[in-house]
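**Q** I have a structure here, written as structure tokens, and I will follow up with some questions on it.
Derivation of every value follows stated rules applied to the coordinates shown; laboratory data play no part. This one's a predicted model, so the numbers in the text were calculated from it and none came from an experiment. Reconstructed Cβ throughout: ideal geometry from the backbone, glycine too, with neighbour counts over all protein chains shown.
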Amino acid sequence: MVPRVVSANDATGRGTPPWTWRAVADLIRLDNQSGTWLLLLPSLWSLILANHGRPPIRLLAVFMLGAFVMRSLGVVFNDLADRRFDQHVERTRNRPLAAGHLTPRQALLVALGLAVLAAALVSTLNWLTILLSPIALFLAAVYPFCKRWIQIPQAVLGIAFGWGTIMAWAASRGSIASSAWWLFAATACWAVAYDTIYALQDREDDRRIGVKSSALFFGTAVPAAVGLFLLGMLICLTIVGWLSELGPEYYVAMGGLAGVFSWQVRRLRFPVTPSQAFTMFQQHVLAGVVILVTLWLSTWNESP
């Protein structure tokens, strides 16, 4: 059991801390947008494929801003759920809620503002996408608690991030094709892989305070597990290419990514420091960009 955390403001008797832009920016991780990119990129893959390489500017703007808003909302939910754990983890003890720079009520107000903005963005889309949107909000809210309930909470993160591919396809076509579901599956596998690498940063702290993660669950089999999930991602993306009748350059890019992923798996067989794990995690943003550019080049000359 984690002991009750006494915030800095409780200890000093100063009451509610003042609102500051720095505290809010830290709450939504404004200085680190890797998560936003990893949420956005699969949606962009879907927009490119669904629109034959020519997605409308309006949809691009909505999903780009939406990714920033939803990722920000997700980390606020995460910090609200984990504020008592975060003070016991070296990497997270200075987060605004853990350090007492913001109160839970203030964080809830930030979350409410972000949720309203997300709803406003979704309201500009078609009815199918609007009907799908509550699932995205539910997944963002429930994910932070999954590390208390299930051994691989990263699977829920994968579903949450993959849902963007479904919404993007629905917003483009007004329906959901099989290619969208394969993109969803690819994203889910990908997220489990890269977030397992990310979780290596906190493995010892998580074990000590009783938080569940795939890095702990897989243990010494982390390299094999990451490799299997990345293989699953590549298989799903290959099926997407086959269904979409993409050219050989797409499969060449998939082969190149397979080489990079293989290098990561081999590297994970040896001890990695937290900073090395974070660097490997960030490399997946570049992998997602490579997939995006390859999809765009492979579909640009297609006829709608």
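**Q** Mean shadow of segment 151-304, computed from the convex hull of its alpha carbons, in nm²? Could the numbers behind the result be given before it?
**A** Numbers: hull surface 36.7 nm².
Averaged projected area of segment 151-304's Cα convex hull equals 9.2 nm².
**Q** Per residue of the chain, what 222 nm ellipticity follows from adding -39500 (n - 2.57) for every DSSP H run with n ≥ 4, rounded to the nearest 500?
**A** Working: 14 runs with 227 residues, N = 304.
Mean residue ellipticity, 222 nm, calculated: -25000 deg cm²/dmol.
**Q** To make sure I understand, if each residue's beta carbon is the centre and we count other beta carbons within 10 Å, what order do Arg148, Arg22 fall in, fewest to most?
**A** Lowest to highest Cβ neighbour count: Arg22, Arg148.
**Q** Please grab the % of Cα pairs in segment 133-188 that end up more than 18 Å from each other.
**A** Here the tail beyond 18 Å accounts for 36 percent of pairs.
**Q** Further, regarding this structure: So how tilted is helix 248-267 from the main axis of the chain? Cα-based, degrees 0 to 90, rounded to 10.
**A** On a 0 to 90 degree scale, this one is about 30.
**Q** Another one. Just to confirm my numbers, what's the Cα centroid distance between segment 11-64 and segment 177-254 in Å?
**A** 21
**Q** Taking 0.36 nm per intervening residue step and subtracting the Cα-Cα distance, what contour gain separates Arg269 from Thr220 on full extension? Could you put the intermediate results ahead of the total?
**A** Working: separation 49, 0.36 × 49 = 17.64 nm, distance 0.84 nm.
Answer, rounded to one decimal: 16.8 nm.
**Q** Let me ask something additional. Expressed as an acute angle from 0 to 90° and rounded to the nearest 10, what is the orientation of the C-alpha long axis of helix 127-149 relative to the principal long axis of the chain?
**A** 50
**Q** Next question. What would the Debye formula give as log10 I(q)/I(0) at q = 0.17, 0.30 Å⁻¹ for the alpha-carbon point model of segment 227-278, no solvent?
**A** -0.60, -1.14
**Q** Let me ask you something else. Working only with C-alpha atoms, what are the Rg and Dmax values of the chain, expressed in angstrom?
**A** Expressed in Å, the Cα Rg and Dmax of the chain come to 19.8, 67.
**Q** In whole angstrom, how long is each semi-axis of the equivalent ellipsoid of segment 1-151, when you take the square root of 5 times every eigenvalue of its Cα gyration tensor and sort them from largest down? Display every interim value, and only then the final one.
**A** On the way: eigenvalues 217, 51, 38 Å².
Values for segment 1-151, descending: 33, 16, 14 Å.
**Q** Could I ask something else about it? Can you tell me the Rg and the Dmax, both Å, for the Cα atoms in segment 100-143?
**A** Answer for segment 100-143, Rg first and Dmax second: 12.8, 41 Å.
**Q** What are the extents of the Cα atoms of segment 208-296 along their three principal axes, in Å, largest first?
**A** 49, 22, 21
**Q** Kindly express, to the nearest 10 degrees and within the range 0 to 90, the angle between helix 222-243's C-alpha long axis and the longest C-alpha principal axis of the chain.
**A** 40
**Q** Here is a follow-up. Provide Phe77, Phe270 in ascending order of the number of other Cβ atoms located within 10 Å of each residue's Cβ, fewest first.
**A** Ordered by Cβ neighbours within 10 Å, fewest first: Phe270, Phe77.
**Q** Let me ask something else about it. Can you work out the Karplus-derived ³J(HN,Hα) for every residue in segment 172-189? Use 6.51 cos²θ - 1.76 cosθ + 1.60 with θ = phi - 60°, whole Hz, and x for glycine or proline.
**A** Once θ is set to phi - 60°, the couplings for segment 172-189 become 7, 10, x, 7, 10, 8, 4, 4, 5, 5, 5, 5, 4, 5, 4, 5, 4, 4 Hz.
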